[in-house]
1. Computed over the Cα atoms, what is the radius of gyration of the protein assembly as shown divided by 2.2 N^0.38 Å, N being its residue count?
2. Let me spell out the model: positive unit charges on the Cβ of Lys and Arg, negative unit charges on the Cβ of Asp and Glu, origin at the Cα centre of the protein assembly as shown. What dipole size does that give, in debye rounded to 20?
3. Estimate the FRET efficiency between A:Phe24 and A:Ile87 by the formula 1/(1 + (r/R0)^6), using the beta-carbon distance for r and 25 Å for R0, to the nearest 0.05.
4. If the convex hull of the alpha-carbon atoms of region B:158-220 is projected onto planes in all directions, what is the mean projected area in square nanometres?
5. Provide, for q = 0.11, 0.15 Å⁻¹, the log10 of I(q)/I(0) from a solvent-free Debye sum over equal Cα point scatterers in region B:29-139.
6. If you take the beta carbon distance between A:Ile132 and A:Asp182 as r and set R0 to 41 Å, what does 1/(1 + (r/R0)^6) give as a FRET efficiency, to the nearest 0.05?
7. From the helices alone, meaning DSSP H stretches of at least four residues, give me the mean residue ellipticity at 222 nm for chain A, per-run term -39500 (n - 2.57), in deg cm²/dmol to the nearest 500.
8. Pulled fully out, how much extra length does the chain show between A:Trp157 and A:Thr206, if you take 0.36 nm times their separation in residues and subtract their Cα-Cα distance?
Amino acid sequence: MKISWWKILCVILVLYTLIGGLLFDVPHKKILNESIRNIYFHVPMWFGMMVLFSISVVYSIKYLRNPSLLYDIQASAYARTGIVFGILGLITGALWANYTWGKAWSNDIKQLGAAMALLVYAAYFVLRNSMIDIDKRARVGAVYNIFAFAMLFPALWIVPRLVESLHPGGAGNPGADPRDMDARMRFIFWLGAVPGFILLGIWISTIIVRFRKIEDKNLLHA
Amino acid sequence: MNTSRHILTLLRKDLLLELRQQYTFYGVLLYVASSIFVLYLALQQPESEVWNGLFWIIQLFICVNAVAKSFLQETKGRMLYFYAIAGAQHFIIAKLLYNTFIMLLMSLISLALFHILLGNPLVNFWQFTGIVCIGSISLSLVFTMLAAIAAKAQQQASLMAIMGFPIIIPQLLLLMRISKAGMGEAFQAGALSDMLWLLCGLDALVMIMAIILFPFLWKD
């Protein structure tokens, strides 16, 4: 069995996050209390989603430069895992919001942005499935992926800065703030949770890619 | 020089076709008029919030209908002919310009109809008209590119809505926000111009993406 160093690193980091995140001491803030631990699980989902969608777009660009079915398989696999991360991020966020903001969904701009990202990528898969011709599906899918990414991400980064939000950074906000994290929390967050979950996402995607490679063996080696 | 002539020729072709067939124009015009009339029957004179929301949603639907037609009407044979005589970039730029023109026209007509039928909550009419123009340009650019993508797949019209609505949300949110300026809401200094610049930046981005990406859609 081939063992890659980054997969071992991923297991160690995620285990460290799970144990450290659930057991280590955290600062006791008003309203947040123990729910601050959710920052180890909720926020890395968004980091993971963004990284996975970015990798997916890189493969789409590669496909347009050099049409090989393998790139298309990779682009769709990373987008798929990205969607799973996005859904998990929404669920963990909604649970957290339920206890800190009083309700699970409050039309916060970042919640809307997350829902938008998921809809856009769901549309990506609907578009792909609407075409039978494999090459055409790959090409049109790649074009849409790049276009959607270019439209979505400026919006996700810029628009929340222009309107008020319940998320950290906004005024009069009872939610978590990065400044609420003490040194130990930051250590677990930046060194354990964020890279750990990103690596996990990449790992899952590579497994999907390998699976698809076996499934489409005849097409890839035609 | 040569480039602009090609684009102008393609644009003139679209406009001439439109003038001769008068199918898209009257079709969409009827769509605009009847949907706003239905709104009038349902709501008569809504409050300004509702008015604003409805206005932009109607723009969205008009855009999907008006823009979808421009690619639907090109048959496969005709596309092949264009492929032989014109560059992909010229073709998409001509389409972008043509759709922007149609959409501007439709937006202004629908603004007038809204004004007549659903009342006038606007404090600053000309400012709102300016915002409508900017908004219709943004909408038509995004949907032209999406129509080009959808034209490659089957079930085009419904697919365009599925792809387009999530992508257009940020711009639509910004537009609804900005257009409150036309309804007399005061903004923080600089906030309004920030949002306008953001919209213009997104428009530029869409055009660049369309010019870069369309050649890949074009060849079959």
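1. Values: Rg = 24.3 Å, N = 442, 2.2 N^0.38 = 22.3 Å.
The value comes to 1.09.
2. 1300 debye
3. Values: r = 27 Å, r/R0 = 1.10.
The computed FRET efficiency comes out at 0.35.
4. 5.7 nm²
5. -0.43, -0.68
6. 0.15
7. Values: 8 runs with 159 residues, N = 222.
That calculation yields -24500 deg cm²/dmol at 222 nm.
8. 14.9 nm
Each value in this text was obtained by applying a stated rule to the coordinates, not by laboratory testing. Predicted model only: the values in this text are computed from it and were never measured. Cβ sites come from the backbone with ideal geometry, for glycine too, and all protein chains shown count toward neighbours.
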